[in-house]
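None of the figures in this text is laboratory data; all of them are computed from the coordinates on show. The shown structure was predicted, so the numbers you read here are calculated from the model rather than taken from an experiment. For neighbour counting, all protein chains shown are included, and Cβ atoms are generated from backbone atoms with ideal geometry for every residue, glycine included.
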Amino acid sequence: MVEHDVKNLGLAAEGRLKIEWAEQSMPVLRQVRERFAKEQPLKGLRLGACLHVTTETAVLMLTLKAGGAQVALCASNPLSTQDDTAAALVKEYDIPVYAHKGEDNATYYRHLEAVLKTRPQITMDDGADLISQLHGESNLGRDLVKGVIGGTEETTTGVIRLRAMEKEGVLAFPVIAVNDADTKHLFDNRYGTGQSTIDGLLRATNVLLAGKTLVVAGYGMCGRGVATRAKGMGAHVIVTEVEPMRALEAVMDGFSVMKMPDAAEVGDLFVTVTGNTSVIRKEHFTRMKDGAILANSGHFNVEIDLVALAQLATARRVVRPFVEEFQLAGGRRVFVLGEGRLINLAAAEGHPAAVMDMSFANQALSAEFMAKKAKTLERKVYVVPREIDLEIARLKLASMGVEIDDLTSDQESYLASWRHGT
Ligand code: ADE
């Protein structure tokens, strides 16, 4: 059997069924896989991936393997691994996986190291931890980074880190910002995060959203997804923002916009999706109502200041899976879901396969692009080529049986001309 560190190989059969279930909703990735199997664009390349270990990621791993890559996978979050999927990838599909749900920080980094030790030539990240390890102080990183031809990155958070590395002049190889493709962030971030965050919130708590006040911190694509879905379920939604244009959009989309200290006093539920740190902190906890529920759906567990909350608390206990109660002075209680980690992956199953279909088609096609073009690229962050993005949109529409119009030649020449006026 391939090398691995997973929780229980006995879960493999169950995992396989779930992977097959996800695959049914991933028609674009299936087509990529069929072509990859014929053309072998990744033949002989070692690819190290640090992604949420879910059924959808499994379908991506099988696609890359079908394209000839030798893949190794670790988790991009300690709480997001689906242990049955991890087991199936190892036992049923011979893919080395290093991940278990609930792993501690030391194990998380040991698993990253296990993937790095396979000497990847292409990296595939969700949050830029693999790349950041490669660029760190360790001898292993310094030794391995020379062998990497390029990487890809899935998330807004990861792309922000990579752009900072590029700006500092330390990025050692080209990376494709998969997140920035339209067929990724317009759909995955909005509809994927929107639905799966509500799913995680409900699976963890079973609260009724109708009639509740739900505060969404951040009105990027993820925030607008969460806000829209919560509104659709009858919640009164408040948005908090730091960026004026986004705040204005939220107002005109019909949401109440206010500062967090004010929102803290009236919110029943809070969801952070900003990508920033300490968005909900001491001065907010002290104003919250008894029973307030706090969840995060941003990439890292830094958006809710849990250190400050722990210091304020007179007692704490886990009251249901993924729900921790913090008792505060005066008898108020605040509940934190999923240890402040991505609630959609901690308490639910992450984004549905139908949306990951496009995100992961971008990943697979970006890996192919990198395999072909890395030598011509600089040590920079690149966007996904527009032809790839548009092709994914076309394939997705076709898979849904949706047809669109073509421009007539008259319309084409109209658009190409500046002579037409009133
Ligand atoms: N990120 C969000 N949802 C995901 C999923 N289902 N699989 C992999 N990565 C994800």
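Some notes on this structure:
- Sorted fewest first by neighbouring Cβ atoms within 10 angstrom, 252, 61 come out as 252, 61.
- Each Cα pair under 8 Å and six or more residues apart adds its sequence gap; the mean of these over the residue count of the chain is a relative contact order of 17 percent.
- Spin-label pair residue 119-residue 289: with each label point 7 Å from Cα along the Cα-Cβ axis, the two points sit 6.0 nm from one another.
- Full extension of the segment from residue 142 to residue 110, taken as 0.36 nm per residue of separation minus the current Cα-Cα distance, would add 9.8 nm.
- GNM result for the chain, Cα springs below 10 Å: residue of 279, 59, 159 fluctuating most strongly: 279
- Across 91/373; 259/396; 38/373; 65/396; 65/380, pairs whose alpha-carbon gap is larger than 28 Å: 91/373; 259/396
- Residues 351, 236, 111, sorted so that the one with the fewest Cβ neighbours within 10 Å comes first: 236, 111, 351
- Subtracting the Cα-Cα distance of residue 377 and residue 262 from 0.36 nm times their residue separation leaves 36.6 nm of extension gain.
- Once divided by 2.2 N^0.38 Å, the Cα radius of gyration of the chain becomes 1.02.
- Computed from backbone phi, the HN-Hα couplings of region 68-74 come to x, 7, 9, 9, 9, 10, 10 Hz, rounded to whole numbers (Karplus: 6.51 cos²θ - 1.76 cosθ + 1.60, θ = phi - 60°; Gly and Pro given as x).
- For the chain, a Gaussian network of Cα nodes joined below 10 Å ranks 224, 110, 46 by mean-square fluctuation, and the top entry is 110.
- The ratio of the alpha-carbon radius of gyration of region 159-314 to the globular-protein estimate 2.2 N^0.38 Å is 1.09.
- Top of 158, 48, 232 by mean-square fluctuation, Gaussian network on the chain, Cα under 10 Å: 232
- Sequence-distant aspartates and glutamates (8 or more away, or on other chains) whose Cα lies within less than 17 Å of residue 117: 3, 5, 125, 129, 137, 143
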